[in-house]
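The values are calculated or read from the model by the stated rules, or taken from the named source; none is laboratory data. For clarity, every value in this text was computed on a predicted model and none was experimentally measured. Here the Cβ is made from the backbone with ideal geometry for all residues, glycine too, and neighbour counts use every protein chain on show. Only protein heavy atoms, including side chains, enter the accessible area calculation; ligands, DNA and RNA are left aside. Shrake-Rupley method; radii C 1.70, N 1.55, O 1.52, S 1.80 Å.
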Amino acid sequence: MIDLLTIAMLYAILKVCEGVSINLLSSTVFESFKDKIFKKKGKSEKELLKDAIQELKKSNIGDDILKEITEKEDRILSVSLEYYSEISKDTAEIKRLSRLLNEKIEAMDEQISEKTAELLNRVSDFDLPRTYRVERDLDGVRDALYIHPTIIEGYIERPETERLNAYQNIRILGTPGIGKTTAIYKIIERSNPELVVIISDAFTETDVNRLLREDLADNFLLVWDDFHVRPTLVMDTIYKLRNKFDNFYTLCAARSTEIEKINDEIPLEFWDKADLTEVIELKELKRDQNIELIRLCCNEFNIEASDEVVLSLAAKNEHSAGTPLYIVSVLIKFRDGKIRMGDIENLPGDVVTLWKDIYFPGLRGDEKAVLYCLKLLKLVHTPAFKEIVRGMWKNIFEKSKADLFTAIESLKRKIWLKEAENTYSSFDVQLEAVEIGNEWFEDFETFVESNELEQKYQSLLLFNLSYFYSEKIKKSRTNAELSSNLDKTIKYIEEAIAIYKELGLKTEIATSLNNASNRYSGLAGLEVTKEARKEKLDIAVEYIEEAIGIYKELGLKAEIATSLNNASSFYSDLAGLEVTKEARKEKLDIAVEYIEEAIGIRRELGLKAELAHSLAISVFVFNDSIDFDGEYFMKAAENCDEAITIFLDFGMVYKAKPLIPYAILFHETLYKIDSEERHKQVIEFYKSIRS
């Protein structure tokens with residue numbers, strides 16, 4: 001990632017030096033002072049910037065420019081430090097630099113250098129809230145995992161995790177509130193790895209490519225808590241990371257109550273292929289662990305409790321939930337007070353019911369409103385950014401800032417809420433106690449479209465609303481419901497695209513166009529007439545062509561290949577709607593051209609799993625093209641075999657199975673042609689996979 005000091009320096013030069021154009025940022029000059037800044041060696045920001053300016057004065061930038069930089073050196077230094085201070089606190093300010101640089105580009109005639117284009121692309125990325133965190137210290141890891149400090153201080157050692165470290169591939173399973181997230185943190189704390197990548201709830205398929213562009217060294221640790229929420233996304237992300245990085249470690253956790261869902265979506269072979277066979281299941285707390293944790297929490301919360309009460313609460317947890325969160329949840333109510341036997345006897349035995357039926361009804365209206373905000377954002381996979389919560393508070397609930405502050409402070413004391421620098425968070429089991437009616441969600445959607453938020457947050461929410469409805473597509477029970485979900489998916493993604501275009505965020509524009517094209521393709525499949533299907537597919541093609549153009553402009557080869565895959569499928573579908581043979585061939589020729597280009601890119605990049613997907617698409621495209629050129633038969637057969645081999649090698653049997661009928665048919669035909677026995681052997685092998 002581009003260093004923030006580099007960004008500050010670029011901004012200062014362009015702002016202070018009127019005669020300096022974007023041409024200053026040639027590859028040579030840019031690299032010279034970027035490297036100076038990266039090689040810190042214990043120097044202060046001011047010293048580093050001085051070094052960078054001196055290095056810049058040595059480069060071949062022309063006498064006039066050199067004179068202006070020399071004359072304004074102190075001012076450049078001052079503005080750089082001032083701007084660095086601003087963007088260190090809020091990287092959203094980089095949007096200003098992005099716009100300034102783009103204005104400079106529009107004014108110049110010469111072609112911008114490759115390095116500067118890359119810089120602008122990265123700068124644009126800075127403005128959008130990230131859905132993952134790259135951390136190098138334990139405090140950052142703890143914040144990213146949304147762990148409340150009380151839970152760490154009241155931690156008891158778990159024998160199940162004592163031998164584990166961050167340089168293993170581990171799956172942690174357990175019931176809600178058993179301490180999975182805390183166990184993740186303690187494993188990281190024990191090993192203190194140099195680089196930890198933490199995936200948030202808001203992470204989606206479109207964020208994978210952004211993650212792949214990060215400058216991650218080998219041996220980083222990938223942390224994915226609650227991977228049961230979207231198991232397929234976990235699997236696809238790990239495959240793509242393993243394609244790029246030779247060696248990294250994965251530490252993930254999921255609810256044991258969601259094993260059936262996980263097994264439905266992730267083939268068992270995947271865990272072997274990903275070397276994630278180490279499974280640790282956190283056990284319910286035993287009697288002595290319960291007692292130890294109760295005493296720790298009583299000390300932390302300043303609670304008076306008799307030995308009889310301690311033993312009674314320990315027994316209750318041992319024979320019911322058995323989770324650390326249950327103990328913490330019970331005791332927090334008695335902070336700075338006394339807990340008695342009668343307080344324990346009538347408590348429910350599980351933590352969700354405790355928060356839902358006992359604690360939530362006792363909250364004040366303002367406190368509930370804050371939690372409604374967090375729950376709504378949780379539903380659309382969006383972190384509870386303070387700016388968004390403040391906007392919801394004002395526009396949905398029509399309450400004052402003072403009331404919000406009071407409610408938040410109260411919720412923090414009751415451990416309903418944790419506050420970080422830019423976000424709020426709650427435990428998942430707590431938010432499960434908060435129920436959202438349809439009217440609240442409709443009000444939330446109205447708020448998102450109301451332009452009350454800063455554009456970076458509005459575009460994020462629109463994008464995530466689109467994703468929310470795209471997930472509902474799979475669960476649609478009727479065609480009407482399916483059509484409605486598709487319509488909303490497209491509506492919100494197009495509104496996000498409009499904002500991205502206004503902000504000049506090209507990567508996000510292309511990603512959203514790619515998504516929108518897929519949704520129009522989905523709508524085409526619901527249409528009854530050929531004309532209506534063609535109309536939707538034409539829009540899908542228009543969007544995907546624009547996405548391909550942007551990705552090519554940015555030089556993002558992996559993304560180009562993905563969009564070419566989609567485009568090839570769309571043109572193939574359009575070919576099937578054509579009336580004349582000539583028109584059908586014209587569309588198929590484009591489909592063939594695009595899928596062959598995608599295959600070439602993925603071979604070049606060494607992306608085997610993605611290559612298999614392109615090969616699989618080519619099987620269908622080539623098979624449709626056989627009527628026009630018999631040579632496509634052999635191409636289809638060869639690509640089919642190669643795709644199946646790669647899928648099986650990655651443990652993706654479910655991806656290979658749809659190709660099996662085609663592969664069997666190809667080899668039956670080949671046996672009729674050359675009578676080679678190997679075709680029979682291949683056919684039997686494929687039949688064994690199908691069964």
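Residue-by-condition table, conditions (1) touching a residue at least 24 places away in the same chain (Cβ under 8 Å); (2) over 38 Å from the mean Cα position of the chain (by Cα); (3) open to solvent by 40 Å² or more (accessible area, probe 1.4 Å):
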residue	(1), (2), (3)
Ile294	yes, no, no
Asn299	no, yes, yes
Val309	yes, yes, no
Gly322	yes, no, no
Lys338	yes, yes, yes
Gly365	no, no, yes
Self-check item: Any chance Ala591 is part of a helix (DSSP H, G or I), at pLDDT below 90 and among the small types (Gly, Ala, Ser)
Solution: no
Practice problem: Name the helices (runs of 4 or more DSSP H) wholly inside the stretch 398-488 in which the number of residues that are under 20 Å from the mean Cα position of the chain (by Cα) is 3 or more. | Solution: 455-473
Practice problem: Within the stretch 241-263, count every residue that is of a type in the set (Phe, Trp, Tyr) and either at pLDDT 90 or above or over 20 Å from the mean Cα position of the chain (by Cα) (or both). | Solution: 2
Quiz item: Conditions: (1) on the phi < 0 side of the Ramachandran plot; (2) open to solvent by 30 Å² or more (accessible area, probe 1.4 Å). Ala420 meets all but one. Number of the miss?
Solution: (2)
Quiz prompt | Per-region count, the stretch 614-632, residues part of a helix (DSSP H, G or I) and either open to solvent by 50 Å² or more (accessible area, probe 1.4 Å) or closer than 19 Å to Arg603 by Cα (or both) | solution = 12
Quiz item: Can you name the residue in the stretch 647-680 that is under 18 Å from Ile595 (Cβ atoms) and open to solvent by 10 Å² or more (accessible area, probe 1.4 Å) and, of all such residues, is nearest to the chain's Cα centre (by Cα)?
Solution: Lys655
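Has the stretch 633-641 got any residue that is more than 26 Å from Tyr239 (Cβ to Cβ) and surrounded by fewer than 20 Cβ atoms within 10 Å (Cβ to Cβ)?
To start, the set of residues in the stretch 633-641 that are more than 26 Å from Tyr239 (Cβ to Cβ) comprises 633-634.
Remaining after also requiring surrounded by fewer than 20 Cβ atoms within 10 Å (Cβ to Cβ): 633-634.
The answer is yes, given that some residue of the stretch 633-641 is more than 26 Å from Tyr239 (Cβ to Cβ) and surrounded by fewer than 20 Cβ atoms within 10 Å (Cβ to Cβ).
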Quiz prompt | Unique residue being closer than 24 Å to Asn566 by Cβ, modelled with pLDDT of 90 or more and part of a helix (DSSP H, G or I) when the list is Ala609, Ala643 | solution = Ala643
Exercise. Considering each residue of the stretch 166-175, count those that are touching a Pro at 6+ places or on another chain (Cβ under 9 Å) and open to solvent by 10 Å² or more (accessible area, probe 1.4 Å), and give that number.
Key: 1
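Can you report the number of residues in the stretch 190-208 which are charged (D, E, K, R) and closer than 21 Å to Asp428 by Cα? Reasoning before the result, please.
Going through the stretch 190-208, the residues charged (D, E, K, R) turn out to be 190, 194, 201, 205, 207.
Keeping just the survivors that are closer than 21 Å to Asp428 by Cα gives 201.
Going through the stretch 190-208 one residue at a time, the tally reaches 1.
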Quiz item: Among the residues of the stretch 145-171, which ones are at pLDDT 85 or above and in a helix (DSSP H, G or I)?
Solution: Pro159, Glu160, Thr161
Self-check item: Breaking point among (1) in contact (Cβ under 8 Å) with a residue 60 or more places away in the chain; (2) surrounded by 16 or more Cβ atoms within 10 Å (Cβ to Cβ), for Ile408
Solution: (1)
Exercise. Give me a count of the residues in the stretch 542-564 that are part of a helix (DSSP H, G or I), surrounded by fewer than 22 Cβ atoms within 10 Å (Cβ to Cβ) and either over 24 Å from the mean Cα position of the chain (by Cα) or not hydrophobic (A, V, I, L, M, F, W, C) (or both).
Key: 7
Quiz item: Filter the stretch 518-541 for residues that are open to solvent by 20 Å² or more (accessible area, probe 1.4 Å) and in contact (Cβ under 8 Å) with a residue 40 or more places away in the chain; which is farthest from Gly504 (Cα to Cα)?
Solution: Lys530
Self-check item: Selection status of Glu445, within 18 Å of Thr181 (Cβ to Cβ), surrounded by 14 or more Cβ atoms within 10 Å (Cβ to Cβ) and free of Cβ contacts under 8 Å to residues at least 40 places away in the same chain
Solution: no
